[in-house]
Amino acid sequence: MSASFLLLGELLAGLSALLLAALALPVVVFCVQTLLAGVLGVPRRGDDRADRSRLQDARPSMAVIVPAHNEASGIAATLADLLAQRGPGDRILVVADNCTDATAQIAREAGAEVTERFDALRRGKGYALDHGLGHLAPAPPEVVLIVDADCRVAEGALQRLARRATAEQRPIQASYLMRAPAGAGVGLRIATFAMVVKNRVRPLGSAWLGLPCQLTGSGMAFPWAVLQRVSLASGHIVEDMQLGTELALAGAAPRFEPDAQVMGEFPLSSAGAATQRTRWEHGHLQVLLGQAPRLLARGVRRADLAAMALAADLLVPPLALLVMALCAALGLSGLAAALGASTVPLASALAALAAVGAGVGLAWWRFGRHTLALADLLRVPFYMAGKLPVYLGFVVARQSEWVRTRRRGE
């Protein structure tokens, strides 16, 4: 083989090695999380009846903020769940944010407290939450919970979150998952499983190590005093992830509560799903690039293990992108080996892909079989290919403004 081919092979091997080095920490974090969650499962809490009895004792005062922008079609079901769990002195506050429908009226008729906000320039969930905090400030509760207006909340979830937030004086994140609506195609079923991996499996693995998790948007509880350390008034497209990093920088990294369940539903329309996917993926990458280095630097500078662990967790890209990047490394290293270069990058790429694949398989076996059929796994490569425009869009025309996802029937 000519020297020029060998030189090209060495160059490709070097590029592959650099890519694999950048992916090494995300791969290790992902695999450790999925292994611990898959092997150990959800911690046992003892006798259910005794646990329910304890939830009623020493309950902190709490207020649930429900940010709502044109949620007339579904907010009644959410409020029914919340009002059923309301205790004496608790407040259920709906922030009807720039609404042009009957959201405020429906919330009042359901029995919730309502405040309306109109601001055409400062749009987004963060601004709505900041408005809600201002409304509560004259008589602040011990704990503030945030639940999106299109979610269902499992029995006992509010009390579990509020009591743990009070006990630990830090934010607590529920297990927030999404279901695919009836009639959904295989793409939404795969997305549902991906959400299980991101919002339940990985945080559960971190919890077994006593490490923090990301905030995921709904089913979040905060001690009032902790929320005063940060500003919620933001138009960031994934304000939950942003808020989690800001709280970690302030010394209050969030923790995971797997027994508190909150469930949303993916939009059935392809346009709604595309909007939601783009917002989540672009927002995730923005936080990864902008906040993870800050958080890692703070953790190293102050020997803060929680900050370092959350930074490492944030560095794990969306699962589809992680697999795509490993496949790119595999292709580069395979071509390099064919040109006569070292086979070490090729072996490393194969090992990394096998490890991630094993983690995904274990997560599916333990947590995802009811969500995604085994035959559907064969369609995952096509699902990932469909995400390529989303990631290319991040490079050439990334989404930077909050856009509400279309709901069912809109």
Lone qualifier among ALA260, ALA274, ALA338 - being of a type in the set (A, V, I, L, M, F, W, C), at pLDDT below 95 and over 25 Å from GLY386 (Cβ atoms): ALA338
Close pairs from the range 92-103: first touching a residue at least 24 places away in the same chain (Cβ under 8 Å), partner buried (at least 20 other Cβ atoms within 10 Å of the Cβ) and of a type in the set (S, T, N, Q), Cβ under 9 Å, at least 6 apart: VAL94/THR103; ALA96/THR103; ASP97/THR103
Counted residues, the range 307-351 - those being assigned to a helix (DSSP H, G or I) and in contact with a Lys or Arg (Cβ under 9 Å, 6 or more places away or on another chain): 8
Residue list for the range 69-103, restricted to those being over 18 Å from ALA260 (Cβ atoms), charged (D, E, K, R) and surrounded by 19 or more Cβ atoms within 10 Å (Cβ to Cβ): GLU71, ASP97
Matching entry among ALA347, ALA354, ALA292, ALA297 (being out of contact with any strand residue (DSSP E or B) (no Cβ under 9 Å at 6 or more places or on another chain) and surrounded by 15 or more Cβ atoms within 10 Å (Cβ to Cβ)): ALA292
Selection from the range 116-174 of residues that are buried (at least 19 other Cβ atoms within 10 Å of the Cβ) and without any contact (Cβ under 8 Å) to a residue 24 or more places away in the chain: ARG117
So LEU177, is it assigned to a helix (DSSP H, G or I), at negative phi, at pLDDT 95 or above and not basic (Lys, Arg): no
Test result for LEU289, touching a helix residue (DSSP H, G or I) at 6+ places or on another chain (Cβ under 8 Å) and either of a type outside the set (Phe, Trp, Tyr) or outside any helix (DSSP H, G or I) (or both): no
Long-range neighbours under 7 Å by Cβ, at least six apart or interchain, first residue within 30 Å of ARG163 (Cα to Cα) within the range 253-278, second part of a helix (DSSP H, G or I) and modelled with pLDDT under 65: PHE266/ALA273
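The values are calculated or read from the model by the stated rules, or taken from the named source; none is laboratory data. Source: prediction; values computed, not measured. Here Cβ is always computed from backbone atoms with ideal geometry, including for glycine, and neighbour counts include all displayed protein chains.
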